[in-house]
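Engineer: This is the structure I want to talk about, given as C-alpha cells.
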Amino acid sequence: MSARNRELANLLAVGVLTGLGFASVYIARQSEISTGSLSYAGFFFGLYLVAHAVCRFTIPYADPYLLPMAALLTGIGLTAIYRLDPEDAFRQGRWIAISVVFFAAILLLLRRDYRRLESYKYLFGLGALVLLALPALPGIGETVNGARLWVRVGAFQFQPGELAKLMLIVFLAGYLREKREVLAQGRLKDFGPLLLIWGGAMLVLVQTNDLGSALLYFGIFLGMLYVATGRLAFVIAGLALFLGGSYAVYTFVPRVQDRVSIWLDPWKDAQGAGYQIIQSSYSIASGGFGGTGFGRGTFTGTGGDQVIPFLNTDFIYSAIAQEVGLVGASALLLVYMLFVVRGFRTALLADDGFSKLLAAGLTFGFALQTFIILGGILRLIPLTGITLPFVSYGGSSVLANFALLGGILLVSNRAGARGGA
Amino acid sequence: MTRARGSVPNRRIRLLLAVLVLMFALAFGRTVWLQGIRAEPLARLAESQHRQTVALPASRGAIYDRTGVQLAIGERATSVYADPRQVRNPRAVAIAAGQLLGRDPDDVLEELADRRRSFVFLRRKADPAAADAVRRRGLVGVGFLDEERRAYPQGSIAAHVLGYAGLDNDGLAGLEKQLDPVLAGVPGSETIVKDPFGRAVKVIRSTPEQNGRDVHLTLDQNLQANAELVLAKVLRESRAKSATAVVLDPRSGELLALAVAPTFDANRFGELAAQRTRNLTVTDTYEPGSTFKLITVGAVLSEGLATPATAYTLPYEIQVADRKIHDSHPRDTERMTVAEILSRSSNVGTVTLGQELGKRRLARWIEHFGFGRPTGIDFPGETRGIVLPAERWSDSSIGNIPIGQGIAVTPVQMAAAYAAVANRGVWVRPHLVRRIGRGPRVRGARKRLVSRDVAAKLVEMLRGVVDEGGTGTAAAVPGYTVAGKTGTASKPDERGGYSTSRYVASFVGVVPASDPRLVILVTIDEPRSAIWGGVVAAPVFADLARFALQYLEVPPDAR
C-alpha cells in the first residue's frame, strides 16, 4: 500500500472516531444541542479529505501517519470544545478550515524544495523578533489575563508568539547549520549568539510575565543547539543561565512569584490563586479510570457558568481527562508521543543538516509545548498560559500547528522520495 | 536506516527523543497518580469542600382581624453583612454603617478587625432603602441578604394580644407564639455544591419551603382600637396602674376586643420589659369582689334554695367565725329580696346565701362556672386563677368567698362566666382565632352552666344593678337595656390582710339585656381618683358599649 493510501485509510479511521465522538456528545446532551452537531463530523472529514488530496498531489512520499494524527487531535479538540460551547466550536471549525487552506498553500508553495527557506533565515529571525515584540507595542498589544501575549487589529485578535516560534525554528535551523562547526569549537566569543538568545528569552519572560513561553523559546534553542553542535556543555550552561535569570526575574516580578507559589502549594490559597489548578485536579480526578463519557462531565455551575476558567484553552486537558478517564487521557498522551516519534523519525531520515535541524526543531517545539502545558496542568511545573497543540481552542495556535505539520511533512516527503527512488 | 552524511549525527536526535519520552512518561505517571490513585480522596475533597446546605426560609403567615385588617405582616427587609477577610477599606465600611445603618462606627471597625471571622452582620433586617444606600457605595466585602421582617402595621393596636416574633421570625410571645406552628411554615433546604466564589455549581438535594398560613382573628380592629383609646383615657384620668377590657360575643365565645392599658408599639415588643407586655386579661388575676356575687346567686337559684323574690332579713353586719362582714354603706337592718341583694350588692345578703349553700356546694358551683381552671383560650400562658378547694377553706372562708374575696380570677374567666349567663346558660370557650388559612371557622367548646330559666332570671336581676337605686347606674347606655354588676375589691397587702388604699374597680355587663350581643368586662387596677367600680369602671363600660353597639349596628331595645 502506498504511503498516501495508508494515510487515507488512517484518515477514514479518524473520521469514524470523530463521528462517534460527536454522536456521543449528542446522545449525552440531546436536550441542549441539535442534530446539527452530527454534521460537524462530516464537515470535518471532508476538510481532511481535501488536505489529503493536496498531500497526494504535493508530497506523495511523506509520512502517512502525521496528518491522520493531527486530524485525530483536532477532532478530539473540536469535540471537547463543542461539548463546552457549540459557538466556540463553530469558530474553531472555521479556524481549522482556514488552517487547512494555509497548510495546503505551504505545501503547494514549497513542494519543489523547501530548503530555499534557508537563504531567508535572517529574515525569519527578524520576523520572529518583530512578532515577539508586537504585543509590547502600545495600541495593538493587549494584555489578556495578566500576560501580554496578544495583538489586536480591529476585530482581529491573535497571538503572534505562535508564529514567532515557527520562524525562530526556521532561523535556527539555517543559522545553526551554517555556524555549527564554529560554535562546536566552543570559543568564548562564540557564546555571543547564545547569550543573545538567552537575553531574548529573558526579555520575553519579563515582558509576558510568562515563564512557559520563555521556557519554550529557550528550550527550542537549546535543543537545536545540542543537535547541531553535540556540546552538552552548552545545554548545561544554557540551562544554568536560564534558571539563574528566571530566579532573578522571580525575585522582582510578583506575578511570577505567584505562579511559583501556587505550583508549590495550591492549597494555601485554594479559594483564590490556587483555585484554577485545584479545580483542574478535581476535574481530572473525578474522571477516574473510565471517565464520565463524552458530554457527561461536570464543568458548569447551575447558573451555566464555567467552574474552571480557560477550560477550553489552557485547561482543555482537564476537561478531556474527566470525560474520557485515565484510559482516554493515556491514549491522548500516546497520540502526542507517536506524533513526536514520527517527527523525530523524519529528522532521522533527512539527509541534510538543514532538514534534520528543521524537522527536529519543529518536532521538539511541538513536544516541548505539549509538555509545558500538560506539566502545568498536572502540576509537574508551574502553570503557563500556552495552548495544547491542535486540541486547544484558539485560531493562532491551530494555524501555527498546521504550518508546523506542513514543515515536517515537507521534510518527510523529501526523505521518502529519496528513500523510495 | 538512512546514513546521515556526517552532518548532524542521529545519535543526538535520538537522545533528544529519549529526553522527551522521559518527560511524557512523567506526565503519564502524573495522570495515573491523579486519576487512578488519588481519584477517590480528591473527589471526596472536591465535594466536601464546597457542599453546603442552605435553608430556604418560609415566609411567615400574616395575622388579620375579623374584617381583614392586617395586624401582623412580613415585610421585606435587607440584612447587611460583611466578610472581614474581604473588606478592603474597613474605615469606609464603618462610616457607611454609622451613617446609614445606625451603628457605632467604632464597634463596626472592631468587628471588622477580627480576620478569623468571615461573616459579621452590619445590620440585621435593615430598611431596604438604607441597605440600597449602602449598596450604592460599592464597598468591597459587604453583602446583602433579603429577609423578611415582622411588622405590625397597626402599631399599638392589639399589641398585647399579638405578641412578638423574633429576628429569626420565630414567635416568642402572645399569639405569635401560640400560632407559631401555623404561622411559621416549614423552611425548605437545598444542598448545593458551590465554587469558591460562592456560585452554585449544582443542586444535590432540594426540599421546597412551605410558607406559613395566614390567621384571621376574632378581634375587630375598630373595637380593639376604641377599647385601647378609652382605657388610655381612664388610666390618665384615674391615675390607675393598669386597666383591662374584654369585649366578648356571648353567643360564639369570640373575643372582639382584648385590651390592656398602658399600651405599647408592637414593633418594639422585644425592647420592653416582660411585665409591660403581659396580656393581663389572660395571664394575671384579680380579686373579683362583688362581680362574683352572680355566681353565688346563680348557685342558690340553680339549687332551688330561693327565687329572685325570696326575702331575707339582713342586719348591716354579721359575724362569720373570727370576722365581721358588713355592707359597703351603713344601713339599718332590713328585708331584702335576692334580686335586691344583687342589685344593691349586699355583702351580708350574699354571705347569707352562701351560708345557705354551704361550702361544698358553693365550691362545686365556683368550679362549675369555670374558676380555678384555665378556660382553654387560645393564648399562651393562661393562668388558672386561685380557688381553694372546699377542704382547705377556713372557717371564715364562707364569709368572703361568696362575695369574691379570697379568690383570684382572670378577666377572661369572669367575662366568660357572665357570657354563659347571657347566652341562656351556655358557656362557650372564649377564643381569639376565627379562621386559620382557608380553614373552617373556629367554634368554641360549649357547656351548659345553668338552666335557661335561671340564666334569664339572673340577667333580669342584673338589670336592676343599672336601674335607678343600683350600684351601676353609670353603666347605662341610652337606647339599650344593660345588665351588669359592679365590683370594688381591696387588694391583698403584703401582711396577708387587705389594703385600705389599693383597690381593683371593675364592671362586667351584658348588652342589650333583652337579646345579649356583647359581654364587656372592665377592670381598673388601683385607681386613685375614686375606687368604686360603679364610679370608675361603669362609665368605661358605657363608653365601650355605646361605640360597639353603634359600630355593630345592634338595634336598640329600649326607649
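Engineer: Tell me whether segment A:357-373 contains one or more residues that are more than 11 Å from the chain's Cα centre (by Cα) and either away from chain B (no Cβ under 12 Å) or among the basic types (K, R) (or both).
Structural biologist: Within segment A:357-373, none of the residues are more than 11 Å from the chain's Cα centre (by Cα) and either away from chain B (no Cβ under 12 Å) or among the basic types (K, R) (or both).
Engineer: Could you check, for segment B:472-479, whether at least one of its residues is touching a residue at least 12 places away in the same chain (Cβ under 8 Å), more than 18 Å from B:S346 (Cα to Cα) and over 33 Å from the mean Cα position of the chain (by Cα)?
Structural biologist: Scanning segment B:472-479, I find at least one residue that is touching a residue at least 12 places away in the same chain (Cβ under 8 Å), more than 18 Å from B:S346 (Cα to Cα) and over 33 Å from the mean Cα position of the chain (by Cα), so the answer is yes.
Engineer: Hey, another quick one. Suppose the filter is surrounded by 19 or more Cβ atoms within 10 Å (Cβ to Cβ), at pLDDT 90 or above, out of contact with any Gly (no Cβ under 8 Å at 6 or more places or on another chain) and assigned to a helix (DSSP H, G or I); does A:V50 pass it?
Structural biologist: Considered against the rule, which asks whether it is surrounded by 19 or more Cβ atoms within 10 Å (Cβ to Cβ), at pLDDT 90 or above, out of contact with any Gly (no Cβ under 8 Å at 6 or more places or on another chain) and assigned to a helix (DSSP H, G or I), A:V50 comes out as no.
Engineer: Might you check whether a residue that is under 24 Å from B:G298 (Cα atoms), modelled with pLDDT under 85, open to solvent by 10 Å² or more (accessible area, probe 1.4 Å) and part of a loop (DSSP other than H, G, I, E, B) occurs anywhere in segment B:481-494?
Structural biologist: no
Engineer: Test A:I377 against the criterion of being more than 11 Å from chain B (Cβ to nearest Cβ) and aliphatic (A, V, I, L, M), and give yes or no.
Structural biologist: When the stated conditions are applied, A:I377 does not pass them.
Engineer: If only one of B:L219, B:L248, B:L258 is open to solvent by less than 10 Å² (accessible area, probe 1.4 Å), in a loop (DSSP other than H, G, I, E, B) and either touching a residue at least 12 places away in the same chain (Cβ under 8 Å) or over 24 Å from B:A72 (Cα atoms) (or both), which one is it?
Structural biologist: One residue alone meets the criteria, B:L219.
Engineer: May I ask you to list the residues in segment A:83-129 that are open to solvent by less than 80 Å² (accessible area, probe 1.4 Å) and more than 30 Å from A:L47 (Cβ to Cβ)?
Structural biologist: Answer for segment A:83-129, where residues must be open to solvent by less than 80 Å² (accessible area, probe 1.4 Å) and more than 30 Å from A:L47 (Cβ to Cβ): A:E118, A:K121, A:G125.
Engineer: Does B:P512 fit the bill of being in contact with an Asp or Glu (Cβ under 6 Å, 6 or more places away or on another chain) and buried (at least 20 other Cβ atoms within 10 Å of the Cβ)?
Structural biologist: Numbers: in contact with an Asp or Glu (Cβ under 6 Å, 6 or more places away or on another chain): yes; buried (at least 20 other Cβ atoms within 10 Å of the Cβ): yes.
For B:P512, the condition - in contact with an Asp or Glu (Cβ under 6 Å, 6 or more places away or on another chain) and buried (at least 20 other Cβ atoms within 10 Å of the Cβ) - is met.
Engineer: Need at least 1 residues that are open to solvent by 40 Å² or more (accessible area, probe 1.4 Å) per element, so show me which strands (runs of 3 or more DSSP E) inside segment B:391-474 make the cut, counting only ones lying wholly within it.
Structural biologist: Of the strands (runs of 3 or more DSSP E) lying wholly inside segment B:391-474, those with at least 1 residues that are open to solvent by 40 Å² or more (accessible area, probe 1.4 Å) span B:433-436, B:446-448.
Yes or no, residue by residue, for (1) touching a Cys at 6+ places or on another chain (Cβ under 7 Å); (2) of a type in the set (V, I, T); (3) under 14 Å from B:V246 (Cα atoms):
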site: B:T383; (1), (2), (3): no, yes, no
site: B:Q405; (1), (2), (3): no, no, no
site: B:T410; (1), (2), (3): no, yes, yes
site: B:Y418; (1), (2), (3): no, no, yes
site: B:R435; (1), (2), (3): no, no, no
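Engineer: Can you tell me how many residues in segment A:236-260 are outside any helix (DSSP H, G or I) and among the acidic types (D, E)?
Structural biologist: Total meeting the criteria: 0.
Engineer: If you don't mind, another one. Looking at segment B:382-389, is at least one residue of a type in the set (S, T, N, Q), farther than 30 Å from B:V442 by Cα and either assigned by TED's automatic domain parsing to the domain that holds B:L458 or assigned to a loop (DSSP other than H, G, I, E, B) (or both)?
Structural biologist: no
The values are calculated or read from the model by the stated rules, or taken from the named source; none is laboratory data. This is a predicted model, so every value here is computed, not measured. Because the Cβ atoms are built from the backbone with ideal geometry, glycine has one as well, and the counts that use them run over all protein chains shown. For the accessible areas, the whole protein counts, side chains as well, though only heavy atoms, and no ligand, DNA or RNA atoms are used. Shrake-Rupley method; radii C 1.70, N 1.55, O 1.52, S 1.80 Å.
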